[in-house]
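Written out below as C-alpha cells is the structure these notes cover.
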C-alpha cells in the first residue's frame, strides 16, 4: 500500500476541506483515486468520496491517504498513468531496478 502523508495546520479550513486537497494531490502524484484516509482521533469526519478511519498514532493536522484493496477497485484519474476510459487498473508495487550511471574517469595529468 502506498500512502501519501499530508500536513495542513490551517485553522480556517475544516478537516473535510483538508482531506479534499490531499485527495487532489494523491490523484495528481499517483494517477489513481485513494480510497482510505487515516486521521487523528480528534479529527474524525465523514467524507463522501473516501473511507476515513481514526488512527491513534497520528497527531492533529496529519492525514495519510492510500489505497486498500479491501475498499474497492482502483480508478485511474489520469490518462497519462492509466487507460483513457478510467477502467479499473492494477497498481504496480514493485519498483523497477535502476542502474547507476557509470562513474566518470579522471584524465591523467
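Structure notes:
- Among the conditions (1) in a loop (DSSP other than H, G, I, E, B); (2) touching a strand residue (DSSP E or B) at 6+ places or on another chain (Cβ under 7 Å); (3) at pLDDT 90 or above; (4) closer than 19 Å to residue 1 by Cβ, the only one that residue 22 does not satisfy is (1).
- Of the listed requirements (1) touching a helix residue (DSSP H, G or I) at 6+ places or on another chain (Cβ under 8 Å); (2) modelled with pLDDT of 90 or more; (3) assigned to a loop (DSSP other than H, G, I, E, B), residue 47 misses just one: (2).
- Pairs, first within 20 Å of residue 28 (Cα to Cα) in the stretch 50-79, second surrounded by 18 or more Cβ atoms within 10 Å (Cβ to Cβ) and modelled with pLDDT under 65, C-beta under 9 Å, six or more apart: 67/74; 74/82; 75/82; 76/82
- Residue 34 buried (at least 18 other Cβ atoms within 10 Å of the Cβ), part of a loop (DSSP other than H, G, I, E, B) and on the phi < 0 side of the Ramachandran plot: yes
The values are calculated or read from the model by the stated rules, or taken from the named source; none is laboratory data. From a predicted model like this one, the values you see are computed outputs, not experimental measurements. Cβ: placed from backbone, ideal geometry, glycine included. Neighbour counts: every protein chain shown.
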